[in-house]
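Engineer: Below is the structure I would like to discuss, written out as structure tokens.
The values are calculated or read from the model by the stated rules, or taken from the named source; none is laboratory data. Note that the coordinates shown come from a computational prediction; the quantities given were computed from them, not determined experimentally. For neighbour counting, all protein chains shown are included, and Cβ atoms are generated from backbone atoms with ideal geometry for every residue, glycine included. Just the protein is used for accessible areas: all its heavy atoms, side chains included, with ligands, DNA and RNA removed. Shrake-Rupley method; radii C 1.70, N 1.55, O 1.52, S 1.80 Å.
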Amino acid sequence: MSIDVPSAYDAHVDFVWRLLLRLGVPTANVEDAVQEVFLVLHRRRDEFNGDSTVRTWLGGIAVRVASDQRRGQLRSQAHLAQVARLPRISPREPSQALEEREAFTLVQGLLEQLSEEQRTVFVLAEFEELTL
């Protein structure tokens, strides 16, 4: 069973983007990481046997790509500052932007305190509502 990559991209790119951000890929590197996830999907599309959903399979690929990204990054202040930045949003009110930035920074700070395994499980279960 082969996956139609363009359709999978259209259906799941936002999920992959969010997941990579939440798994600690720096904002500046997320675009490249998303591309890597879909390149892996393209290379391995014929290996998909339908035992899981495409979303779940992409989630597994994204977890591995995020792990590789984190391993390649030095845990420096510059890295932490990049992670704390908000993704592009267009709030209607400045106060909403401030609240969203503060909430995002708080969540990212809490996620940084978890081990890689705990963070992965938490993000997949709580944010992406995938079952364990």
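Engineer: Note down the nm distance, to one decimal, between modelled labels 7 Å out along Cα→Cβ at residue 49 and at residue 127.
Structural biologist: 3.1
Engineer: Ignoring everything but the protein chains, give the 1.4 Å probe accessible area of residue 115 in square angstrom, nearest 10.
Structural biologist: Residue 115 has an accessible surface of roughly 50 Å² with all protein chains in place.
Engineer: Give me the Kirkwood hydrodynamic radius of the range 1-68 in Å, from all C-alpha pairs, to one decimal place?
Structural biologist: It works out to 11.8 Å.
Engineer: Using a 1.4 Å probe over the heavy atoms of the protein chains, calculate the carbon and sulfur portion of the accessible area of the range 1-59 as a whole percent. Show your work: numbers first, answer last.
Structural biologist: On the way: 1500 of 3150 Å².
Reported share for carbon and sulfur atoms: 47 percent.
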